[in-house]
Amino acid sequence: MINTVALIGAGAMGGAIGRRLVETGNQLTVFDLNAEKVAELTALGALSAQTAAEAASRSDYVILSLNAPHIIRAAVFGKDGVAEGAKPGTLIIDMSSIDPEATRQLAGDAAEKGLRWVDSPLSGGAPKAAIGELTLMAGGTEQDVADAHQVLQHVASNYTHMGPVGAGQTTKLINQVLCGLNFLAVAEATQLALDAGVDAAKIPQALKGGRADSAILQEYMPRYVTRDYRRTGRIDNMVKDLNGAQDLARRTNTAMPLTAVCAEVHRMLTAAGLGGEDQAMLMEFFTGAKRETS
């Protein structure tokens, strides 16, 4: 049986998910306000829709890949939104990264309209989506999460049910804390290696398999060394997620001093006009500071 899937949001991440779904034989209908993004997917075999409602009306599953709760609310419950076209029982899979409390509110409103909801934020970015190796953390009922896997198995190699609606988003915030701190730590260590005269390009291999090893060390230290600033993510998106983690920490009375420092560094870079750049630009925080003191 071929899955019928609506994709709402075909940006960098949504586009990668959409391409993978088409390549793996799913019937995809895409809606995005950016006609060029839609055209990129229709050229591969996806169908286009003029509204989110139209896309949902053709589909049993609706994947959301959007940037903020208010955008999701408009796309689902606004004029010509998903809720206007979706059949009762349609499963909405939100792959955005948003606040857990906002997710629970959205899911509750969807339930009142007879729609199901799974929050399934991701880790791995567009490169992993392209080869079907995303890591997904899902929140929802056991049945809904299992049903969502019928589609998500095509884009993910690691799919974990974390608990009820909102649990996926909470797990994603924890993921982003770990990633944000690791990006910053690797950048700082890279600068120390460069200043101390060590060949930083050799460090990932030297530390491979040890306790200091990580995917971020292996991917990003070489990029930091060569100032490879190609964009695979955005600093301002990390700011959004670290803000979310800090908001959650305040609600749970959790001390997170390292996250606070990491968030401030990301905010400084955003304030300097680098918010739209890749995490590799964290090196500018260290090289900039060094230029000022030299």
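The values are calculated or read from the model by the stated rules, or taken from the named source; none is laboratory data. None of these values were measured; they are calculated from a predicted model. Positions of Cβ are generated from backbone atoms using ideal geometry, with glycine treated the same way; all protein chains shown enter the neighbour counts. Side chains are part of the model used for accessible areas, which takes the heavy atoms of the whole protein and leaves out ligands, DNA and RNA. Shrake-Rupley method; radii C 1.70, N 1.55, O 1.52, S 1.80 Å.
Restricting to segment 100-117, give me the number of residues that are surrounded by fewer than 19 Cβ atoms within 10 Å (Cβ to Cβ) and in contact with a strand residue (DSSP E or B) (Cβ under 8 Å, 6 or more places away or on another chain).
Total satisfying the criteria: 1.
Out of the residues in segment 71-99 that are surrounded by fewer than 23 Cβ atoms within 10 Å (Cβ to Cβ) and within 17 Å of the chain's Cα centre (by Cα), state the one that is modelled with the highest pLDDT.
So the residue we want is Ile71.
So Ala39 ticks every box in (1) outside any helix (DSSP H, G or I); (2) more than 25 Å from Val165 (Cα to Cα) but one. Which box is left unticked?
(1) is the only condition that Ala39 fails.
Considering only segment 134-155, I want to know if a residue exists there that is touching a Phe, Trp or Tyr at 6+ places or on another chain (Cβ under 6 Å) and touching a residue at least 60 places away in the same chain (Cβ under 8 Å).
Yes, the conditions are met somewhere in segment 134-155.
Evaluate segment 41-54: report whether one residue or more is in contact with a strand residue (DSSP E or B) (Cβ under 6 Å, 6 or more places away or on another chain) and at pLDDT below 95.
No, because not a single residue in segment 41-54 is in contact with a strand residue (DSSP E or B) (Cβ under 6 Å, 6 or more places away or on another chain) and at pLDDT below 95.
Are there helices (runs of 4 or more DSSP H) fully within segment 187-267 with at least 2 residues that are at pLDDT 95 or above, more than 19 Å from the chain's Cα centre (by Cα) and crowded, with 18+ Cβ neighbours inside 10 Å? List them.
Ranges flagged: 203-207, 215-226.
Could you give me the residue pairs with C-beta distances under 7 Å whose first residue belongs to segment 187-211 and is more than 19 Å from Met281 (Cα to Cα), whose second residue is surrounded by 11 or more Cβ atoms within 10 Å (Cβ to Cβ) and charged (D, E, K, R) wherever it lies, and which are 6+ apart or on separate chains?
Leu207/Asp213
Could you identify the single residue in Ala56, Ala46 that is closer than 25 Å to Gln169 by Cβ and either open to solvent by less than 30 Å² (accessible area, probe 1.4 Å) or within 20 Å of the chain's Cα centre (by Cα) (or both)?
Residue meeting the stated conditions: Ala56.
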